[in-house]
1. Take Arg302, Arg92 and order them by how many other Cβ atoms sit within 10 Å, fewest up front.
2. Please give the length that would be gained between Ser178 and Asp49 if that part of the chain were fully extended, namely 0.36 nm times their separation in residues minus their C-alpha to C-alpha distance (nm, one decimal).
3. Cβ under 10 Å from Phe268's Cβ, Phe268 left aside: what net charge do those residues give with Lys, Arg +1 and Asp, Glu -1?
4. What is the chain by shape, rounded, prolate or oblate, if you read a ≥ b ≥ c off the alpha carbon gyration tensor as root eigenvalues and call it rounded for a/c under 1.5, prolate for a/b larger than b/c, and oblate otherwise?
5. For the chain, what does the relative contact order come out to in percent, with C-alpha contacts under 8 Å and a separation of six or more?
6. Which of rounded, prolate, oblate describes the range 109-234, given a ≥ b ≥ c as roots of the alpha-carbon gyration tensor eigenvalues and a/c under 1.5 marking rounded, otherwise prolate only if a/b is larger than b/c?
7. Treat every Asp and Glu Cβ in the chain as -1 and every Lys and Arg Cβ as +1, leave all other atoms uncharged, and give the resulting dipole magnitude about the Cα centre to the nearest 20 debye.
Amino acid sequence: MRKVLVATDKPFAKTASDQIREIFDQAGYQCNFLEKYGDQQNFVQAVADAEAIIIRSDIVDDELMAAAPNLKIVVRAGAGYDNVDLKAATARDVVVMNTPGQNSNAVAELAFGMMLYQIRNRFSGGSGTELMGKTLGIHGYGNIGKHVGRIAKGFGMTVYAYHHNPARNAEIEQDGISPVNSPEELYKKCQYISLNIPAREQNKKIINKDLLGLMPENAMLVNTARKEVICEDSLKQIFAERKDFSYVSDLAPGNAAELAEYANRMFFPPKKMGAQTAEANINAGLAAARQIIAFFKDNDIRFKVN
Ligand code: 3PG
């Protein structure tokens, strides 16, 4: 009997966990859940006999894989896999997959939730501003960027997008969005910028003072990507220099304590919650379970990322 561990410090919604269990039951797999485990050592101690692991933002490093001698596959139920040591996985012959697109709408909706919260004076009753007629720049036109564009058009915003690969421009245009040729052009044009780029090495700290300084009046940076893509020293400088700048993010910046004086121009939830909806949990969690079964049954490696 194949053994799967679903290790989620931030658990899936119960409806998703129940359906994941059902999929593995039907396939004749043994499926254990490790939720809210807190200390990484609790995760390490739970993997001894796992052949497959489903995770979210949980850390899978060499130490963890060394403790799982039967491990063949790790599926990140979600998009970003910066929490998995791909090199170590490859060296240990462990296949790593993600479930692209499955939680994208949830993340995109959160971006607008945070924007509205901030421009409506945090729902305090004070007069705010609207999104209609404003410019929005999508930095990174992947699965999430595409949903952000769709929703922004619904709000009546003028939408631009920059994607590092210009081959994507035709699709951007087809979606009724104007492609631009550089991040500089995007930031210069757009009052709102939605970050939808992965935390790959080449993207770390690329959102810096030079780019943010180009944004028009009442600039807002919306980060549902990763804190690593922001140069946090630049963020501090921009907050100090521009009283019209605000930042809403799905994750606290690493230097949040130093930014305390700008608290009214900055928002982040206590825990990353972009993908924290029942729908996203069901989409990504069930996709992960099915990908594991297809891998063992048919050697299906379509979603392999290492
Ligand atoms: C992702 O990369 O899929 C999102 O950041 C969601 O992460 P989560 O599963 O930890 O909520």
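1. Numbers: Arg302 8, Arg92 15.
So the ranking, lowest neighbour count to highest, is Arg302, Arg92.
2. On the way: separation 129, 0.36 × 129 = 46.44 nm, distance 5.08 nm.
Extending this stretch completely gives an extra 41.4 nm.
3. On the way: positive: Lys227, Lys271, Lys272; negative: Asp250.
Combined, the nearby Lys, Arg, Asp and Glu give +2.
4. Values: a/c = 2.00, a/b = 1.82, b/c = 1.10.
Prolate, since a/c reaches 1.5 and a/b exceeds b/c.
5. On the way: 599 pairs, mean separation 59.1, N = 306.
Worked out over the chain, it gives 19 percent.
6. On the way: a/c = 1.67, a/b = 1.21, b/c = 1.38.
It comes out oblate by the Cα gyration axes.
7. Working: 36 positive and 36 negative charges, 91 e Å.
Its charge dipole is roughly 440 debye.
All of the numbers you see were taken from the coordinates with simple rules; none came from a lab. Keep in mind it's a predicted model, so treat the numbers as computed, not measured. Methodologically, a virtual Cβ is constructed for each residue, glycine included, from the backbone with ideal geometry; neighbour enumeration extends over all protein chains shown.
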